[in-house]
Amino acid sequence: MRSVIGIDLGTTYSVVAQFDEFGRPVMVPDQDGKYLLPSCVALIHDEWRVGFDAWGQWAADYGMDQKSSAARFKREMGTSKHYQVGKHNLTPVELSGHILKCLATYTIEAVGPVAPVVITVPANFSNEARQATIDASKAAGLELANIINEPTAAALYYAYSGKLNRAGTYAVFDLGGGTFDITIAEFDGKSVDVIWSDGIARLGGVDFDEALQVLVKEKYEMLTGEEVSIKSMSHEGFDLRRIQDLKHSLSRREKVSIFVRGQVVEVTREEFESKIANFVTQVYLCCENALDGAGLEASAIDGVILAGGSTRIPVIQQCVRGVFGKEPLSIANVDEVVAMGAALYAGYRSDQDVLTKLQQVSAAELSVQDVANKHFGTKALEWNDALGRPSEINSIIIRKGTPIPCSMTESYQTITYDQREVECSITECDHEEKEFDSKFVRVIGDGSLELPPGRLPGQEILVTYQYDINQIMHCYFEDVESGEKKEITVDLTKGIP
């Protein structure tokens with residue numbers, strides 16, 4: 001029988017967990033007994049390396065024109081960005097495929113052949129990034145069962161753990177290496193119903209690392225009066241690995257003394273917190289927006305549960321207390337909860353014949369309901385009294401927060417005599433934007449529906465959007481009178497300008 005696994009494909013670290021034969025989520029270690037695999041890829045002596053070896057090479061490459069390694073590429077999933085690794089020009093999909101293949105290899109060595117896997121993605125990931133994650137699983141030779149939002153996976157593990165004091169409304173505060181998500185959900189036993197998700201696509205531990213690196217540079221220059229570049233600091237031993245060590249130390253201590261180019265430099269927690277204050281403010285505001293979106297006051301939240309290594313930073317925990325007025329619940333390893341939840345979800349979504357009797361019993365106790373992570377609509381025309389003519393609007397069809405999977409249909413009309421086609425556009429926005437502004441409303445797919453000639457205006461066009469369990473859009477445009485239909489295959493892997 002094949003093993004059921006879930007994978008947390010992270011910006012800085014990736015993790016895999018198994019839904020074991022007894023129906024429990026357990027971490028799967030690599031050959032050295034480690035659970036966290038650095039999400040780094042390197043070409044060393046013409047051999048592809050992933051993980052800690054690659055991480056060391058990446059730190060050495062920092063600031064170099066010619067690189068033999070790549071990292072942090074998860075942030076560019078679904079875009080046209082490429083990474084030069086030696087003589088190879090690789091996409092984020094190809095690099096992520098290397099990570100997934102490595103995880104799969106050591107997992108198969110540890111637990112045997114694997115069933116179709118579940119891979120996590122940030123709740124705020126675009127459709128392009130979700131499709132890119134699916135493509136990366138194919139590149140790794142994995143059969144993918146589903147993707148699941150990271151905070152939803154964490155919520156499922158917390159619900160399964162039985163460590164929450166009671167049923168109620170909880171906020172899942174997920175701050176990892178590259179992204180921030182805040183999800184509000186109802187918990188009842190081992191059941192999770194997501195109410196609302198919000199997030200920031202580019203905010204996490206890597207931003208804190210870079211801010212701390214700048215702070216150390218400034219402190220060194222102030223101490224010595226000598227200008228120094230981050231590049232030279234990195235090449236002389238103070239690279240991003242040491243920055244991460246310093247960041248971790250500042251989570252435990254109020255100040256830390258370090259050696260930089262032969263000088264003792266003291267860095268305080270207060271200085272670090274001041275340097276990342278802008279990021280913390282963004283997190284705070286995002287949490288408030290999530291409460292507004294869910295239609296809740298902070299007092300309605302029964303508890304705040306954490307996911308992601310960056311939640312260990314004291315000022316981040318202060319932010320949680322500031323928004324929600326309560327201490328975050330520290331009842332699990334924040335580095336592991338997403339992968340553990342993904343493993344549970346893999347069991348929950350598996351066919352019964354894949355599971356043992358004990359796994360079937362455990363999976364039957366679980367329930368999870370997620371929601372649309374963005375607003376989805378289409379370009380349409382609406383009469384504008386001020387202009388005395390129709391003007392283009394963004395007409396929303398599936399609203400953010402709608403339980404998924406779902407199917408929504410809206411009716412539109414043709415506007416001119418002998419109109420021969422209808423523009424079929426699929427739009428995406430984080431907030432309910434009515435005006436079509438490319439800064440806030442993105443077109444993620446388009447096409448056209450041909451119409452019969454010689455007809456009067458006012459012919460009905462039905463537009464149906466189907467949002468599947470993997471949060472991928474399927475869109476259909478139908479001319480009611482003629483029965484002509486257009487199914488849009490959205491190119492979700494195209495680059496974002």
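The values are calculated or read from the model by the stated rules, or taken from the named source; none is laboratory data. Everything quoted here is computed from the prediction, not taken from an experiment. Cβ atoms come from the backbone with ideal geometry, glycine included; neighbour counts cover every protein chain shown. SASA here: full protein model, heavy atoms, side chains in, ligands and nucleic acids out. Shrake-Rupley method; radii C 1.70, N 1.55, O 1.52, S 1.80 Å.
A few comments on the model shown:
- When the P(r) of the chain is calculated, the portion above 33 Å amounts to 44% of the C-alpha pairs.
- Largest-first ordering by accessible area, 1.4 Å probe, given options HIS474, HIS431: HIS431, HIS474
- For the range 371-497, the percent of C-alpha pairs falling in each 10 Å distance bin, counted from 0 to the bin holding the largest distance, reads 12, 42, 34, 11, 0.
- Solvent-accessible area of the range 303-372 (1.4 angstrom probe, protein heavy atoms only): carbon and sulfur portion equals 48 percent.
- LYS255 accessible area, assembled protein chains, probe 1.4 Å, Å²: 110
- Taking chymotrypsin sites (Phe, Trp or Tyr not before Pro) across the range 344-420, the ones in a DSSP loop with at most 10 further Cβ atoms lying within 10 angstrom of their Cβ are TYR417.
- Assigned charges on the beta-carbon of Lys, Arg, Asp, Glu; the range 78-220 dipole about Cα centre (debye): 280
- Reciprocal mean inverse distance between Cα atoms of the range 95-252 - Kirkwood radius, Å: 18.7
- Carbon plus sulfur fraction of accessible area for the range 219-262, probe 1.4 Å, in percent: 47
- Paramagnetic reach from SER251 in the range 298-331 [backbone N under 11 Å; point 7 Å along Cα→Cβ]: 307-317
- For the range 295-335, alpha-carbon Rg relative to the globular expectation (2.2 N^0.38 Å, N residues): 1.16
- Residue-span extension gain [TRP383 to GLU270] - 0.36 nm each, minus C-alpha spacing: 35.1 nm
- Using the rule -39500 (n - 2.57) for each DSSP H run of four or more residues, divided by the residues of the chain, the 222 nm mean residue ellipticity is -9500 deg cm²/dmol.
- Dividing the mean sequence gap of close Cα pairs (under 8 Å, 6+ apart) by how many residues the range 376-454 holds gives a relative contact order of 32 percent.
- Heavy atoms of SER69 accessible to a 1.4 Å probe, total area in Å² rounded to 10: 0
- The chain - share of DSSP beta bridges that are antiparallel (%, nearest 5): 85
- Cα-based convex hull, the range 64-171, per residue volume (Å³, whole number): 153
- Pairs of Cα atoms nearer than 8 Å and 6+ residues apart set the relative contact order; for the chain it is 16 percent.
- Normalised by the number of residues in the range 83-176, the mean separation of alpha-carbon contacts (under 8 Å, six or more apart) gives a relative contact order of 29 percent.
- Pair SER411, ASN289: separation of 7 Å Cα→Cβ label points (nm): 3.5
- Computed from Cα positions, the angle between helix 240-252 and the longest principal axis of the chain comes to roughly 80 degrees.
- Counting only alpha carbon atoms, the long axis of helix 337-349 and the longest principal axis of the chain meet at about 40°.
- Solvent exposure, largest accessible area first (probe 1.4 Å, DNA, RNA and ligands not counted), of PHE173, PHE436, PHE22, PHE52: PHE22, PHE52, PHE436, PHE173
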